[in-house]
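The values are calculated or read from the model by the stated rules, or taken from the named source; none is laboratory data. Since the model is a prediction, treat every value here as computed from it, not as a measurement. Surface accessibility is based on the protein's heavy atoms, side chains included, excluding ligands, DNA and RNA. Shrake-Rupley method; radii C 1.70, N 1.55, O 1.52, S 1.80 Å.
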Amino acid sequence: GKIPLVCGGTDDPGSSTYQKACYTLQENGAWKEDTTATLIRGKQNSISGSVVLKNKLFVPEFVYKDGDNYLNFEMVAPNKKSEKLQPMNKWEQVDSNKQFCIVPWDANTILIIGVKNWRKETFFINMGNQTVTPGPKLMEGRSEQACHEMTVQGESFIIVTGGYGGLGLLKSTEILSK
């Protein structure tokens, strides 16, 4: 809907304790804890981006299970109990820092950028049928970048900026046309 919602995080960057709480922004500008919309487990990844599909905030994480990394999502909405999808795909060679970003692509699809450090590959994740397919390649491999969707003169773009590449800090921006 139109209610800003944030979930998870930590108040101590050196801590290994991650919050399950979700907060909604009130009309008076204060954040209020939503005791119904809590995460099933605190997230331990540094994942940026905000994807809302069908009025639910999708919160991604990589889960280590049976010796492999799997991508997992929780879906949360204000005043509703969190839902969890089953780990949906085995991801090989996922870097341990897992610092990537996500953006919405269409009504059912998320674009994930930076799963593997300094790689150019991106991936589409269709949340309807839980499939993963290759997305557009970046010109420069990145990790720890920021990404966001924007519309300019009626055309939608994905902006990917900053982060780190094979030679260090990147001060460049890429624009992917949708």
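Take every Cα pair under 8 Å in region 1-85 that's 6+ residues apart, average their separations, divide by the length, and report that relative contact order as a whole percent. 24 percent. Here the Karplus curve 6.51 cos²θ - 1.76 cosθ + 1.60, taken at θ = phi - 60°, turns the phi angles of region 118-132 into couplings of 6, 9, 8, 5, 10, 9, 8, 10, 8, 6, x, 10, 6, 10, 10 Hz, with x standing for Gly and Pro. Against the compact-protein benchmark of 2.2 N^0.38 Å, the Cα-based radius of gyration of the chain scales to 1.04. Accessible surface area normalised per residue over region 93-178 is 53 Å², counting heavy atoms of protein chains with a 1.4 Å rolling probe. Legend: residues Asp68, Asp12, sorted from most to least accessible area (1.4 Å probe; ligands, DNA and RNA excluded), read Asp12, Asp68. With θ taken as phi - 60° and the Karplus curve 6.51 cos²θ - 1.76 cosθ + 1.60 applied, the whole-hertz 3J(HN,Hα) list for region 28-40 is 7, x, 8, 8, 10, 5, 9, 6, 7, 8, 9, 6, 5 Hz, x standing for glycine and proline.
Atom-type composition of the exposed protein surface of the chain places 48 percent of the accessible area on carbon and sulfur (1.4 angstrom probe). When the convex hull of its Cα atoms is viewed from all sides, region 137-178 shows a mean projected area of 2.9 nm².
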